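As C-alpha cells, the structure follows; a few thoughts come after it.
Bear in mind these aren't lab numbers, they're just calculated from the coordinates by the rules spelled out. Quick caveat: nothing in here was measured; it's all calculated off a predicted structure. Because the Cβ atoms are built from the backbone with ideal geometry, glycine has one as well, and the counts that use them run over all protein chains shown.
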Amino acid sequence: MVSDPFPARPLRLLHLEDSELDHELARAQLQRAGLGVACRRVETRAAFEAALDAGPWDLVLSDYNLPGFTGIDALRLLRARDADLPFVLVSGEIGEDTAVDAMRHGASDYLLKHNLARLAPAVEHAIEAAESRRARAAADRDLQASRAQLRALARHLQASIEAERAAIAREIHDDVGGSLTALKFELDWMRRHAGSPALAQRAQAALELLTHAIDASKRVMHNLRPSILEEGLVPALQWMARNFERRTGVECVLRAPADTPALPPGVPLVAYRTAQEALTNVSKHARATRVVVELALGAGVLSLEVADDGRGMSEDDRAKAHSFGLRGLQERAGTVGGWIDLASGPGGTSLILSVPIDADESLLGAEPALQRPVAPPPEPRLDREHDPSAWTPL
Ligand SMILES: Nc1ncnc2c1ncn2[C@@H]1O[C@H](COP(=O)(O)OP(=O)(O)OP(=O)(O)O)[C@@H](O)[C@H]1O
Ligand SMILES: [Mg+2]
C-alpha cells in the first residue's frame, strides 16, 4: 500500500536557482496551488552539494543555466547520492536534446519558466511517483525476504524428512528385519523337525507368510531410504524403472551412462527422489503407455529427464493449491544448485532436473562414455548379493 506522499508538514524543497526573482515566482506558484513548502535556495555547486548532504529533502527544483555548471551536472551530483529523490528541471529555454538528456539521467520532469502553471502538478506527480517507487521497492524486498524464508523452511523440511526416513529405515532394518530373519530360521527348524505332517504343513504356511512380511518390510525400508544408491545412481534408477514397469504395466526405458561419475554429495539422492516423484506422477496422472528416464552429463550439467507419452498437464494442474510434489522437487533441486524444467502438451509431459556439476568434483574425464545408452538391465537375480532390496547394512 502506498502511504500518503504528502505529509502534513511543508514539503522540503531545495531550489537550485541563481535568480532570486525566479525563485520567488516558483515559490508563489506552489503556494497558490495550495502546496505548503519549506524552500531553500542555493546557487553554486558547493552550496548545492552542502545542502544535499545536510538534507533530508522531498524534492530538488533546478534551473538549467547555473554559474559554472548546468542542471544536468546538478542532477548527476544528486543521483550519485540518492537514486530516488525527485528532481524537476525548470529552465528559461530547454532544447529537446537537453530534455532527453535530463530524463536519461533520471530527472522526474522538466518545464519552461514561462509556463510555471505546470509547476505544482509536476512537483506533485514527481513526489507521488518517487513514493510509489519506494513502496514498490520495499514490497519487493519484503517479498524476496519471505520467499527466501519459505525456501529455507522447505529445505529444512526436506532435510528433516530424509533424516526421519533414514531413522525409520534403520529401525526397520535393525529391529524388524533382524527379528523376522531369526524367526524364519526358527520356523524352518520347526518345519524340519515337526512330529506330524499337519504341523509341518502349518509351519510351511507360516514360513510363506513370513517371507511375504519380510519382502514387504524390505520394500518399505527401501522406499524410505534407497540404500541401493550406495551402489550408484544408475543401478538405483535401473531398479526403480524395473519396479515401476512391473508394478504399473507402463513400459519404462532407462537411458543412462554405463559409468556413473562421482557426483557431489546430495546430488544422487536429489536425482533419485526426482525420478521417484516424476514416476509416481506418471502412474497417478498421466495415463501413459511408455515413459523414458534419461540420465546424461554434458557441458558440466547433470540432467535427468522423465518423459511420458500421457495426456499432458495444464497450467491449472501445475498451480493446484494442495499439490506439493512438483513444488517440492523445485526446492529439492535448489539444495544442490539445480532446477526443474517442465514441458507438457497433448503428446505427454517431460520433467527435467538439471544440476551444474563442478568439473573438479566429478569424473568428467569419463564424459564421452556417459553418452552411451546403457545396456538393458539384467534380469533380477535372486541371490542376496544382487538383490538391491536385500538387508544391506545401513
Ligand atoms: N506426468 C504427468 N502427466 C499429467 N499430469 C501430471 C503429471 N504430473 C503432474 N501432473 C498434474 O500436475 C498436478 C501437480 O502435480 P504434483 O506432483 O505437484 O501434485 P500431486 O501429484 O497431485 O500431489 P502430491 O503432492 O502428492 O505430489 C497433478 O495433480 C496432476 O494434475
Ligand atoms: Mg505428485
Seminar exercise, completed: For the pair GLU231 and LEU157, the simple spin-label estimate (label points 7 Å beyond Cα toward Cβ) gives in nm 3.3
Seminar exercise, completed: Answer in debye to the nearest 20: the dipole magnitude of the chain about its Cα centre, from +1 Lys/Arg and -1 Asp/Glu charges placed on Cβ, is 1540
Exercise. Once Lys and Arg get +1 and Asp and Glu get -1 on their Cβ, which of GLY106, LEU77, ALA135 lies farthest toward the positive end of the dipole of segment 11-137?
Worked result: ALA135
Exercise. Which percent of Cα-Cα pairs in segment 264-339 sits in each 10 Å bin, short to long?
Worked result: 17, 48, 30, 5
For this session: Quick one: net charge around LEU153, please, counting Lys, Arg +1 and Asp, Glu -1 for every other residue with C-beta under 14 Å from its C-beta.
Result: +4
Seminar exercise, completed: Once phi for every residue in segment 66-74 is put through the Karplus expression 6.51 cos²θ - 1.76 cosθ + 1.60 (θ = phi - 60°), the whole-Hz ³J(HN,Hα) values, with Gly and Pro written as x, are 10, x, x, 7, 10, x, 5, 4, 4
Problem set entry | Separation of the ASP341 and ARG141 label points, Cα + 7 Å toward Cβ, nm | 3.5
Problem set entry | Approximate spin-label separation HIS125-ARG45, in nm, with each point projected 7 Å along Cα-to-Cβ | 3.1
Seminar exercise, completed: Rounded to the nearest Å, the spacing of the alpha-carbon centers of segment 305-348 and segment 30-51 is 57
For this session: Enter the Cα centre distance for the pair segment 192-213 and segment 254-290, rounded to the nearest angstrom.
Result: 40
For this session: Decide, for segment 11-137, between rounded, prolate and oblate: order the square roots of the alpha carbon gyration tensor eigenvalues as a ≥ b ≥ c, take rounded if a/c falls under 1.5, and otherwise choose prolate if a/b is larger than b/c, else oblate.
Result: rounded
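Once R0 is set to 56 Å, what does the formula 1/(1 + (r/R0)^6) return for the Cβ-Cβ distance between GLU20 and LEU150, expressed as a FRET efficiency to the nearest 0.05?
Values: r = 57 Å, r/R0 = 1.02.
The pair GLU20/LEU150 has a calculated efficiency of 0.45.
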Seminar exercise, completed: The set of residues whose placed amide H lies less than 5 Å from the amide H of ARG255, leaving out same-chain residues fewer than 5 positions away, is VAL293, GLU294, LEU295
Exercise. Under a no-solvent Debye model with one identical scatterer per Cα of the chain, what's log10 I(q)/I(0) at q = 0.08 Å⁻¹?
Worked result: -0.67
Exercise. Along segment 27-43, what does the Karplus equation 6.51 cos²θ - 1.76 cosθ + 1.60 (θ = phi - 60°) give for ³J(HN,Hα), rounded to whole Hz, x for Gly and Pro?
Worked result: 4, 4, 4, 5, 5, 4, 7, x, 8, x, 10, 10, 9, 9, 9, 10, 9
For this session: Could you list which residues have their amide H under 5 Å from that of VAL90, counting only those 5 or more apart in sequence or on another chain, with H placed in the peptide plane?
Result: SER62, ASP63, TYR64, LEU111
For this session: Collect residues whose amide H, placed 1.01 Å from N in the peptide plane, falls under 5 Å from the amide H of ALA107; neighbours closer than 5 in sequence don't count.
Result: none
For this session: Just the number, please: percent antiparallel of the DSSP beta bridges in the chain, rounded to the nearest 5.
Result: 50
Problem set entry | Value of [θ]222 nm, deg cm²/dmol, for the chain, DSSP H segments ≥ 4, -39500 (n - 2.57) each, nearest 500 | -16000 deg cm²/dmol
For this session: Using the Karplus curve 6.51 cos²θ - 1.76 cosθ + 1.60 with θ = phi - 60°, work out ³J(HN,Hα) for each residue of segment 98-107 in order, rounded to whole Hz, and write x for Gly and Pro.
Result: 5, 4, 5, 4, 4, 5, 5, 7, x, 5
Seminar exercise, completed: Full extension between VAL301 and ASN65 adds, at 0.36 nm per residue less the Cα distance, a length in nm of 79.2 nm
